[in-house]
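Scroll down for the structure; my scribbles are underneath it.
The values are calculated or read from the model by the stated rules, or taken from the named source; none is laboratory data. If you're wondering where the values come from, they're calculated on a predicted model, not measured in any experiment. Because the Cβ atoms are built from the backbone with ideal geometry, glycine has one as well, and the counts that use them run over all protein chains shown. Side chains are part of the model used for accessible areas, which takes the heavy atoms of the whole protein and leaves out ligands, DNA and RNA. Shrake-Rupley method; radii C 1.70, N 1.55, O 1.52, S 1.80 Å.
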Amino acid sequence: MRRFCYKCGAFEDDAGPLLQGLCQRCFSDLPLMEVPAEIEVVLCRDCGAIKIGGRWQSQFSGEPVKEAARQALLHSVRVLSYTDSEKRLLRAAEAPGLRFEVEPRLEESLVVVRASGKLHPLQKIPKIEEHALKLDLKYTTCDVCRLKRAKHHEAILQLRDFSSTEKRLQIQREVEKIVAQLGKSEPRNFIANFKEQHGGLDYYLSSVNLGRKIAALLKERFGATVIESAKLIGRTRDGRKKYRVSILARFM
């Protein structure tokens with residue numbers, strides 16, 4: 001018995017292999033993507049970080065608004081994929097055979113997405129599809145910038161007993177260099193405050209782990225003597241004890 005397309009009646013022998021009961025032409029009428037009518041793009045007004053899928057990202061290339069729109073769209077779009085027995089909805093990253101182009105049109109508050117690819121492995125001609133979505137652009141403050149504004153710190157790194165002014169400046173530059181390097185991979189590593197004390201320097205650091213890393217490097221590179229102490233300052237919301245850690249590094 002000759003198989004035929006249930007939509008237009010074309011025979012399989014003439015119209016190529018049937019896909020989901022449809023000839024190649026009718027099958028190509030099926031949508032390639034499912035996209036929302038609108039996407040929300042959230043950016044930090046202070047540092048330009050973008051919020052995608054509930055998480056803040058600060059490591060990206062290009063303009064923050066355009067990159068945020070691109071990332072938000074690729075996070076939201078779903079690609080249809082067919083086999084002889086099933087239909088699946090895939091994330092953009094799960095459909096490597098498809099090509100995506102994302103064009104933010106900020107002056108029009110739109111994002112245009114174009115995709116080309118096959119819905120079925122036996123589809124002869126790739127499908128090309130384009131959608132224009134409304135862009136809802138919002139600015140807020142990311143978690144890290146909120147902590148910086150509040151000068152949040154969990155550790156105080158106390159540098160004392162420098163052999164000379166030159167040594168003090170050298171170590172000060174080294175500490176700031178270390179924090180900058182660690183901050184690239186983890187934005188929550190930052191200096192919340194800085195104070196000059198009689199005979200030394202105090203760095204108020206975002207985390208205890210950051211203070212310990214710096215102290216270990218100062219010990220390795222400059223022979224510092226390191227002493228750590230902790231002071232109970234309260235309890236967390238779940239009842240755990242909360243400490244403020246002081247790390248003293250002496251250089252003589």
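Round to a whole angstrom and tell me the spacing of the C-alpha centers of the range 160-175 and the range 217-252.
What the calculation gives is 20 Å, centre to centre.
Using R₀ = 30 Å, calculate the FRET efficiency as 1/(1 + (r/R₀)^6) where r is the Cβ-Cβ separation of Glu174 and Ala230; round to 0.05.
The formula returns an efficiency of 0.75 here.
Name the lysines eligible as straight-distance cross-link partners of Lys118: C-alpha to C-alpha under 24 Å, and not fewer than 8 places from it in the same chain.
Within reach: Lys7, Lys87, Lys127.
If only Cα atoms are counted, what is the Rg of the range 51-125, and what is its Dmax, in Å?
Gyration radius and largest Cα-Cα distance of the range 51-125: 14.6, 44 Å.
Extension gain Lys138-Arg188, at 0.36 nm per residue separation less the Cα-Cα distance, in nm?
Length gained, Lys138 through Arg188: 15.7 nm.
Over the Cα atoms of the chain, each weighted equally, I'd like the Debye log10 I(q)/I(0) at q = 0.13 Å⁻¹, rounded to two decimals.
Ignoring solvent entirely, the Cα scatterers give -0.89.
Please compute the per residue accessible area over the chain with all protein chains in place, 1.4 Å probe, rounded to a whole number of Å².
It amounts to 60 Å² per residue over the chain.
Determine which aspartates and glutamates satisfy two conditions relative to Lys184: a Cα distance under 17 Å, and not lying fewer than 8 residues away in the same chain.
Straight-distance partners of Lys184: Asp46, Asp143, Glu174, Glu176.
Counting only protein heavy atoms and using a 1.4 Å probe, what share of the accessible area of the chain belongs to carbon plus sulfur, as a whole percent?
Carbon and sulfur: 48 percent of the exposed surface of the chain.
Is the shape of the range 136-252 best called rounded, prolate or oblate, per the rule: a/c under 1.5 gives rounded, else a/b larger than b/c gives prolate, else oblate, with a ≥ b ≥ c the square roots of the Cα gyration tensor eigenvalues?
Oblate is the answer for the range 136-252, as a/c is 1.5 or above yet b/c matches or exceeds a/b.
Compute the signed sum of charges (Lys and Arg +1, Asp and Glu -1) over the other residues within less than 10 Å, Cβ to Cβ, of Asp136.
0
Just grab the label-to-label distance for Glu38 and Leu106, each label 7 Å out from Cα along the Cβ direction, in nm (one decimal).
For the pair Glu38/Leu106, the computed spacing is 2.1 nm.
Anything over 18 Å Cα to Cα? Flag those among Lys177/Lys213; Lys66/Lys138; Lys151/Lys241; Lys177/Lys242, in the order listed.
Lys151/Lys241; Lys177/Lys242
Along Cα→Cβ, 7 Å out, is where each label goes; now give me the distance between the ones at Arg99 and Ile125 in nm to one decimal.
Output for this residue pair reads 1.7 nm.
Roughly what would the spin-label model give for Asp46 and Glu86, points 7 Å off Cα along C-beta, in nm?
My value for the distance between the label points is 4.6 nm.
Provide, in order from the shortest bin, the percent of all Cα-Cα pairs of the range 1-122 in each 10 Å bin, continuing until the bin that contains the maximum pair distance.
Using 10 Å bins, I get a P(r) of 12, 34, 25, 16, 9, 3, 0 for the range 1-122.
In the Gaussian network model of the chain, springs joining C-alpha atoms below 10 Å, which of Lys167, Lys66, Lys184 carries the largest mean-square fluctuation?
Lys167
Each residue of the range 202-217 in turn: what ³J(HN,Hα) in whole Hz from Karplus with 6.51, -1.76, 1.60 and θ = phi - 60°, glycine and Pro shown as x?
10, 10, 8, 10, 5, 8, 5, 4, 5, x, 5, 5, 5, 4, 5, 5
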